[in-house]
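One structure is given here, and the rest of the page talks about it.
The values are calculated or read from the model by the stated rules, or taken from the named source; none is laboratory data. In this text the structure is predicted, and so the values were computed from the model without any measurement. Cβ sites come from the backbone with ideal geometry, for glycine too, and all protein chains shown count toward neighbours. Each accessible area value is taken on the protein alone, full model and side chains, heavy atoms only, with ligands, DNA and RNA left out. Shrake-Rupley method; radii C 1.70, N 1.55, O 1.52, S 1.80 Å.
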Amino acid sequence: MSDNRQAERPSDASLTRRRLVSLAATTTGAIGSTMLNLPAFAEEKTAVATDRIEKLLPGFRRSRIRTSGAEINTVVKGEGPPLLLLHGHPQTLVCWHKVAPKLAERFTVVLTDLRGYGDSSKPDGGKDSIAYSKREMARDQVEVMRALGFERFFAAGHDRGGRVLHRLLLDHPAAVTRAAVLDIAPTATMYAQVTKDFAMRYMWWFFLSQPAPLPETLIGNNLDFYLQAHINKQNKTPGAIDPLALAEYRRCYTAETLHAVCEDYRAAAGIDLVHDAADADKRIACPLLALWGEKGVVGSTYDVRQTWREKAVEISGESLPCGHYLPEEAPELVIEKLRNFFT
C-alpha cells in the first residue's frame, strides 16, 4: 500500500481480536465516547435475529458505542487499515453483508447503524430536527472510530450514509484519508435542481420531511407494505435483496425508527441545507470516489461525476450496471472498486 493511501492510526491501534475484546470493556479517550461491553450480537431481541446477523456477517464482533449524542451499534472484523462503511435508508449495517466479509480480508472493516436506524439509539430530534442533522450524525461516526482507536481512516457511504459522510468530510477533514460515496449526488445540488420527474420518483424526500405526525401516521398504518414497496421501487436486480437481510430491515423498521427516519429527512430539507449553504465554498480535501447505479434515479437524473467535481478537489467515478442498492445488486464490482481505490 502506497504511503499516500495508508489510513493513519495510533501505533498501538492494530485491531487484533484481543485488542477489540479489551476495548469493549473500557472507556476510550475520545471525548464523550464510551464502548459498552457487549458480547457479539448478545443483545439481539430474539435468537432468530441473532442467527440471521451471524449468518450475514460471520465473525464480526458487535459493540455498542456511546457517543456524545447517541449509542451506536457497531460491528468490526479484520486486521488491516480501518475502513468505515455507512448504510442508507431503509436499511441497516447488514446491507454490506455481501461486501464487508471480503473487504475484511484486507481492511479492518467497521460497520455502524446510523443514529435513528437499526439497533442504534433514536434520540429526540429537537428543534429543527437538529439531532438528525448530518453534522450530528457525522460526529457519531468520528467518535465511534476514535473509540476503536482510529484517528484517521478510509470511509464509504451509501445513500443516507453517503450524505453523513459528505458532512463528515467537511467538518472533520483530517479524519478521512480517502472516501467513496455510493449512488448519491450532493443534497443541496439535488434540492436545487428538482424536477417533476425527480419529485415523482423520489417522493419520500418530500413526504418523509413533512411535519410530524403526518408521514409517521400514514406509513405506520402498514410498515410492511411501505418497506417492501420502497425497496422494490429502487431495486433493479431481481433477487438481489437477501431474505435474511430483508428480515433484518423489517425487524428494525419500527414505529420508533420511522419517526427517526422522518427526522433525518426533515433535517435534510432544513438545517442540513443551512449548513451546506454556510460551507458552499468548502471542498472535500481527500480523494473521492463516486459510484452510482446506471439504472437508478440518481444516475439517470444527474451527471453524478460533475456534481461531485463541484464539491471535491480530486474526484473519480463511474456507473455500475444496477439500480440503487449497489452493495447488494453489484457486490463483486463494489468490492473491486473499493478495494482498488483504498489500496
*asked:* Can you compute the helix-only [θ] at 222 nm over the chain? Use -39500 (n - 2.57) per DSSP H run of at least 4 residues, normalise by all residues, nearest 500 deg cm²/dmol.
replied: -11500 deg cm²/dmol
*Which of the aspartates and glutamates could be linked to K196 by a straight reach, that is with a Cα gap under 19 Å, when you skip same-chain ones fewer than 8 residues away?*
D303
_Surface per residue (accessible, 1.4 Å probe) for region 230-334, Å²_ = 39 Å²
*On the protein heavy atoms, probe 1.4 angstrom, tell me the percent of accessible surface of region 156-242 carried by carbon and sulfur.*
59 percent
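Do the alpha carbons of any pairs in K55/K102; K55/K236; K134/K311; K236/K337; K102/K337; K77/K102 sit beyond 22 Å of each other, and which pairs?
K55/K236
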*Before anything else, pin down the relative contact order of region 149-259: Cα pairs under 8 Å, at least 6 apart, normalised by residue count, whole percent.*
19 percent
*Sort 205-211, 306-312 for me by packing, meaning the mean count of neighbouring Cβ atoms within 10 Å per residue, highest on top.*
306-312, 205-211
*Taking only protein heavy atoms into account and a 1.4 Å probe, give the accessible area per residue of region 107-188 in Å².*
20 Å²
_I want to make sure I understand the PRE zone here: with the label point 7 angstrom from the Cα of A277 toward its beta carbon, which residues in region 183-200 have backbone N atoms less than 20 Å away?_
186-195
_Under 8 Å for C-alpha pairs, at least 6 residues apart: give me the relative contact order for the chain, rounded to a whole percent._
19 percent
